[in-house]
Amino acid sequence: GEHLRICPQGYTCCTSEMEENFANKSRSEFEAMMKEAGRSVQVALTAQHRSFDSYFQDLLNKSEKALYDAFPSMYGELYTQNIKVFKDLYSELRRYYRGSNINLEEALNEFWTRLLERLFKLMNPQYHITDEYLDCMVKHAEQHKPFGEVPRDLKVKATRAFIAARSYAQGFLVGSDVVKKVSQVSLSHECTRAMMKLMYCPHCRGMSSVKPCSNYCLNVVKGCLANQADLNTEWKYLMDSLVIVADRIDGPYNVDTVIGTIHMRIAEAISNLQENKDSITAKVFQGCGNPKISTKGSSTEDKKRRGKVTLEAKSSAQALEMLVLDAKGNLTALKTYWVTLPGSLCSKKVMASSAADDKCWNGMTKGSYLPEVMGDGLANQINNPEVEVDITKPDMTIRQQIMQLKIMTNRLGNANIGNDVDFQDASDDMSGSGSGDSCPDDVCGKRLSKSPSTRQPETHAIPKQSGHGINGASSRSLPSAFLLLLLSVAFIAAQHFWR
C-alpha cells in the first residue's frame, strides 16, 4: 500500500485509481447527504410559509368580497361611483404584504383622503366643488375627524398586523433560502480526504463490514461542517423571533380580527360621515368658505338605504391558533439543526458503532477511538485530529448567510414591537453584535426599537420577498446591497487582522 495517498499504507485491496474513485464517491455521497438533510428543513419551512400565506390571503380576500357584496345595497352611489377607491386599497394592502416598496401608513392616509373627497362631493351635489376647495377641506379634515376615530385606529392596528404578517412570512422564506445556499457549499480538499478515510479506507483494508467509530465520525463531520455550525447562534435567534412574532399574530396584533374586519371599519367610518354630514359640512364651509352653487343643477343626493345591512366577520381564529401552534412546534424542533447535524449524519448514514466500541474503524485499524470530540464551530477545530481546518479563513458564502439571518431577525424584532425596519437599523445594531451573543429575552426587540413613522421606505437585502419600510425619510440612506458589500469587506479585513 505504499502507493496510497489517503488511506493507511499497510497491505491493501485498493489501487491508486480505486482510492481516487472512492474519494470522489465519498465527497459526492456526503454532499448529497447534506442536501437531503437541508431539503427536509426547506420543506418544513416552505410548508409553514405556504400555510400562513394561504390563510392570510384568504382573510384579505374574504374581507374584500364582503365589502363588494354588502356596500352596493348599503350605500348605492356612494359605493358604485367610488368602487375603484376600495379596490385600490385592497390592491395596495396585498402589494405591501408581498414585499413591494410601499409606505403602508401613506397608502391608508391616501385611501381616506380620496374617499373623503369623493363622498363630500356626492353628499353636496348642489355645489360646484373645485380641486382647490377639496385641498382646503382635506387640510381641515384632521381636526374635524369626518370619519371619527376609525382611520387613526385602523392605521395603528392594520400597520402592526401587516408588518408582523409580512415579516413572519418572509422569515420562513429567508430561513429556507439560507439552508438551500449553505447545503450547496462544496466539500474542501481536506474534508474530501478525511471523508474518504472515514467511509472507504476500511474497504481498502479488507474491513468493509467494520463501521467507523462514533466519536471518529463526529470529529470528521464537525471539522467539515465547522462553518455551518457557526450559523447556530443567528439561526436560533431567527427561530425564536418567528415564534415570538407568531404569538403577536395570534395575540395583540391579531390578524384574524384586524384584517378580517377591514370592510366593517370602512362601513363604520362612512356611517360616521353620513351621521355628522351637516356639522362637518358647516365646519368645512366655515374654514374654506362657501363653494359656488352648481350651474348644472343639483342632482338628488343618493337615497339613504332602508333598513340596516349587517356586516359580519367570519372568524377563523381557531384556524389561526392551529397554524401558530403547528409553526411553533416546527420552529422549536429546528432550533438546533446546525449543531445536531453532524450527529444526525453520522447516526443515519455513516456510523453504526457506539462510542465505547473497540471493534470499530478508528481511521487506522479496527479498535477503540481515543481522541476527544471537538466542540461546534470553526474556532473549536484548531486541534481537530482528523481534519486540517484553517480557522482564520471562514467560508464567505456562509458568512453572507449569517448576515441574512441577522437582517431578518432584526426585522422580526422590530415587527414584534410594531415597527418596520430599514437596512440602516440592521447594520447599526449588527456592527457590535459579533456572532449575536447578547440578544435579549425578547429577541432583540428592545434594543432594535426605532421611532416609527419617521423614515422613507428602504429596500432590503433579503432573498425573493424583499421587505421594505413603511416609515419616513433618511437622507443618509444607501442601497442595501452596497452596505452588505461594505460589511463583507470589513469582515475580510478583520479576518486578516486576527491572523
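The values are calculated or read from the model by the stated rules, or taken from the named source; none is laboratory data. Quantities reported herein were computed from a predicted structural model and do not represent experimental measurements. Positions of Cβ are backbone-derived with ideal geometry, glycine not excepted, and every protein chain shown enters the neighbour counts. These area figures cover heavy atoms from the full protein model, side chains too; ligands, DNA and RNA do not enter into them. Shrake-Rupley method; radii C 1.70, N 1.55, O 1.52, S 1.80 Å.
Descriptive notes on the structure:
- Which numbered condition residue 245 fails, given (1) without any contact (Cβ under 8 Å) to a residue 40 or more places away in the chain; (2) within 26 Å of residue 170 (Cβ to Cβ): (1)
- Restricted to region 54-99, and to residues there that are crowded, with 18+ Cβ neighbours inside 10 Å and of a type in the set (S, T, N, Q), the residue that is farthest from residue 163 (Cα to Cα) is 82.
- Some residue of region 280-289 being of a type in the set (Gly, Ala, Ser), open to solvent by less than 30 Å² (accessible area, probe 1.4 Å) and not in a loop (DSSP other than H, G, I, E, B): no
- The residue that is farthest from residue 35 (Cα to Cα), counting only those in region 191-206 that are out of contact with any Gly (no Cβ under 8 Å at 6 or more places or on another chain) and open to solvent by 40 Å² or more (accessible area, probe 1.4 Å), is 206.
- Residue, modelled with the highest pLDDT, within region 292-339, restricted to residues that are among the hydroxyl-bearing types (Ser, Thr, Tyr) and within 23 Å of residue 263 (Cα to Cα): 316
- Residue 172 out of contact with any His (no Cβ under 6 Å at 6 or more places or on another chain) and of a type in the set (Phe, Trp, Tyr): no
- Scanning region 388-415 for residues that are assigned to a loop (DSSP other than H, G, I, E, B) and out of contact with any Lys or Arg (no Cβ under 8 Å at 6 or more places or on another chain) gives 388, 389, 390, 391, 393, 394, 395.
- Looking only at region 20-53, and only at residues there that are closer than 27 Å to residue 98 by Cβ and basic (Lys, Arg), the one that is most open to solvent (accessible area, probe 1.4 Å): 50
- Residue among 256, 247 that is open to solvent by 20 Å² or more (accessible area, probe 1.4 Å), over 20 Å from residue 87 (Cα atoms) and under 21 Å from the mean Cα position of the chain (by Cα): 247
- Residue match in region 210-220 (condition: modelled with pLDDT of 90 or more, among the aliphatic types (A, V, I, L, M), more than 26 Å from the chain's Cα centre (by Cα) and within 30 Å of residue 400 (Cα to Cα)): yes
- Just so you know, in region 122-165 the residues that are part of a helix (DSSP H, G or I) and β-branched (Val, Ile, Thr) include one that is nearest to residue 242 (Cα to Cα), and it is 163.
- Residue satisfying all of: in region 167-209; assigned to a loop (DSSP other than H, G, I, E, B) and at pLDDT 90 or above; farthest from residue 22 (Cα to Cα) among these: 188
- Residue pairs whose Cβ atoms lie under 8 Å apart, separated by 6 or more positions or on different chains, with the first residue in region 345-364 and open to solvent by 70 Å² or more (accessible area, probe 1.4 Å) and the second at pLDDT below 70 and of a type outside the set (D, E, K, R), are 359/353.
- Count of region 371-387 residues which are over 19 Å from residue 182 (Cα atoms), of a type outside the set (Asp, Glu) and part of a loop (DSSP other than H, G, I, E, B): 9
- Residue list for region 87-120, filter: free of Cβ contacts under 8 Å to residues at least 12 places away in the same chain and among the small types (Gly, Ala, Ser): 91
- Sole exception among (1) open to solvent by 60 Å² or more (accessible area, probe 1.4 Å); (2) modelled with pLDDT under 95; (3) assigned to a helix (DSSP H, G or I); (4) within 30 Å of residue 178 (Cβ to Cβ) for residue 236, by number: (2)
- Residue list for region 9-65, filter: of a type in the set (A, V, I, L, M, F, W, C), closer than 30 Å to residue 207 by Cβ and assigned to a helix (DSSP H, G or I): 18, 22, 23, 30, 32, 33, 34, 37
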